[in-house]
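Colleague: Here it is: the structure, laid out below.
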Amino acid sequence: MLLETALLIIIFWDLYFFLNYIISLLRNYRIKEWTPFVSIIIPAYNEEESIKDSIISALSQDYPKFEVIVVDDGSEDKTFEVASSIKDERLRVFRKTHKGKARALNFGLSKAQGEIIITTDADTLLHNSAVKEVVNRFHDESVLGVGGQVRVLTSSFLERAQDVEHLRIAMFRRAKELEDLSVAPGPISAFRKEALEKIGSFVESSVEDYATTKEIKKFGRVVYAPKAKAYTKMPTSLKTLWNQRKRWFLGDLRHLGGGFLKGWFFLILGDFIAFLDVIVPILLIVHRNWLLLGVFLGFEIITMLIPTLIEGGSIINAILFPAFLWFWALFYLVLHVYGYLCILKSKAL
């Protein structure tokens, strides 16, 4: 009976977000068609292999008025030379001493002429409608920031797993954060320039996107633009993935807040569900309860297949979603326990 109860908790948890996602698809979210001048800032550090494609994708936007500002943050390779080799009157390339991503963004901000500031990464490709879709979500003066949908350029299993993860995040954001986004992600985010100036520019933090979003939300709203897509590179080894997510999670914990459902309670509840996602399939197999295992697998596949068809993605990845789900549940459960121990250790010193 305990196992069946645990399975029901997982199903009801996932069903809650899935139904909210479906409901959101039936509603038109607010937009405003306008064309303010836009500055796209691309900070780069040792990105000579990817910076050219990133710049070309930015320059290829289906949008009438914009500039692209590349800030080489003291690269030790040929990032600056590769970026400077692209000749376009809309492109400006700067070089500065290495001080980190946030300071590179702020340097770009000081040079920007746009009313709307869009940030992307040097290993990211913007869909050609990304700028237009982001700008249109500034539907009234209360909207100070907009975040788009991040997807992963895939080839390996680990990259596929990360694209599935980001598709799940996109599903969650459309279901619950369409008009109140918790973080405008680094690969595709936009802010009113005057709002950034009001908070003193981008926040210098290891998680500058989350920290900046939180500061902006003290003065207005940050919303989600589902159709504004950016395709980014992600770690290809488990060690690199761990180090990246460790930095993100520990950084997020330093800025955690935002109310009951966006603070510690929601985080701990999510960890409890992750624990169930890990243990329930194993127990179903051990007890040879193939019927309930089939129900669990079928439910998870269906709830992933529909967003995959709507948002765009691999059908094979959707079919394999239960395996990806188990991997991510275990990964984040271990990561979060590690993060909590780090906090307790730091407070004990």
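Colleague: If you find the alpha carbon centre of the stretch 142-176 and of the stretch 262-314, how far apart are they in angstrom?
Modeller: 18 Å
Colleague: Counting only residues 5 or more places away or on other chains, whose amide H sits under 5 Å from the amide H of V143 once H atoms are built in the peptide plane?
Modeller: R221
Colleague: Still on this model: Apply 1/(1 + (r/R0)^6) to the Cβ-Cβ distance of D77 and I315, taking R0 = 45 Å, and write down the FRET efficiency to the nearest 0.05.
Modeller: 0.75
Colleague: Could you give me the ³J(HN,Hα) list for the stretch 178-193, computed from phi with Karplus coefficients 6.51, -1.76, 1.60 and θ = phi - 60°, whole Hz, x at Gly and Pro?
Modeller: For the stretch 178-193, the Karplus-derived couplings read 4, 10, 8, 6, 6, 8, 7, x, x, x, 7, 9, 9, 9, 5, 4 Hz, x marking Gly and Pro.
Colleague: Would you mind getting me the FRET efficiency between D180 and Q113? Use the beta-carbon distance for r and R0 = 35 Å, nearest 0.05.
Modeller: Plugging the Cβ-Cβ distance into 1/(1 + (r/R0)^6) gives 0.70.
Colleague: Further question: Considering only A184, S50, H139, whose Cα is most displaced toward the positive end of the charge dipole of the stretch 31-235, charges sitting on Cβ of Lys, Arg (+1) and Asp, Glu (-1)?
Modeller: H139
Colleague: Still on this structure: Please identify the GluC sites (Glu not before Pro) of the stretch 97-169 that satisfy two criteria: DSSP loop assignment and at most 11 other Cβ atoms within 10 Å. Which are they?
Modeller: E141
Colleague: Let me ask something else. Under a 5 Å amide H to amide H cut-off, with H placed in plane at 1.01 Å, what residues pair with G114 once short-range neighbours are removed?
Modeller: Amide H neighbours of G114: S39.
Colleague: Please state the charge dipole magnitude for the chain, taken about the Cα centre, from unit charges on C-beta atoms (+1 on K and R, -1 on D and E), reported in debye and rounded to the nearest 20.
Modeller: 580 debye
Colleague: Within the stretch 55-187, how many lysine pairs that are 8 or more places apart, or on different chains, have C-alpha atoms less than 28 Å apart?
Modeller: Lysine pair count for the stretch 55-187: 21.
Colleague: In the stretch 307-349, which residues have a backbone nitrogen under 16 Å from the label point lying 7 Å from I273's Cα in the Cα-to-Cβ direction?
Modeller: In the stretch 307-349, the label zone of I273 (backbone N under 16 Å from the point 7 Å along Cα→Cβ) covers 307, 322, 325-333.
Colleague: Please check: in the Gaussian network model of the chain (C-alpha springs, under 10 Å), which one of H139, H287, H98 has the largest mean-square fluctuation.
Modeller: Residue with maximal mean-square fluctuation among H139, H287, H98: H287.
Colleague: Quote the FRET efficiency, to the nearest 0.05, computed for Y340 versus T240 with a Förster distance R0 of 22 Å and r equal to the Cβ-Cβ distance.
Modeller: 0.45
Colleague: At q = 0.10, 0.14, 0.15 Å⁻¹, what is the base-10 log of I(q)/I(0) for the chain according to the Debye formula with one equal point scatterer per Cα and no solvent? Please give it to two decimals.
Modeller: The Cα Debye sum returns log10 ratios of -0.63, -1.21, -1.36.
Colleague: Which residue, chosen from T212, F37, F275, occupies the Cα position most advanced towards the positive end of the dipole of the chain, where the dipole is computed from +1 (Lys, Arg) and -1 (Asp, Glu) charges on Cβ about the Cα centre?
Modeller: Checked the options; the winner is T212.
Colleague: So what J values fall out for the stretch 154-163 if you push phi through Karplus, 6.51 cos²θ - 1.76 cosθ + 1.60 with θ = phi - 60°, rounded to Hz, Gly and Pro as x?
Modeller: After applying 6.51 cos²θ - 1.76 cosθ + 1.60, I find 10, 7, 8, 4, 5, 5, 4, 4, 6, 5 Hz.
Colleague: Averaged across orientations, what area in nm² does the convex hull of the alpha carbons in the stretch 31-235 project?
Modeller: Result: 10.4 nm².
Colleague: Check the straight Cα-Cα distances from K233 and name the aspartates and glutamates below 16 Å, setting aside those fewer than 8 residues away within the same chain.
Modeller: E47, E48, E49, D53, D121, D123, E159, D163, E165
Colleague: Something else now. Share of antiparallel DSSP beta bridges in the chain, in percent to the nearest 5?
Modeller: 30 percent
No lab work stands behind these numbers, since they all come straight from the coordinates. None of these values were measured; they are calculated from a predicted model. Cβ atoms come from the backbone with ideal geometry, glycine included; neighbour counts cover every protein chain shown.
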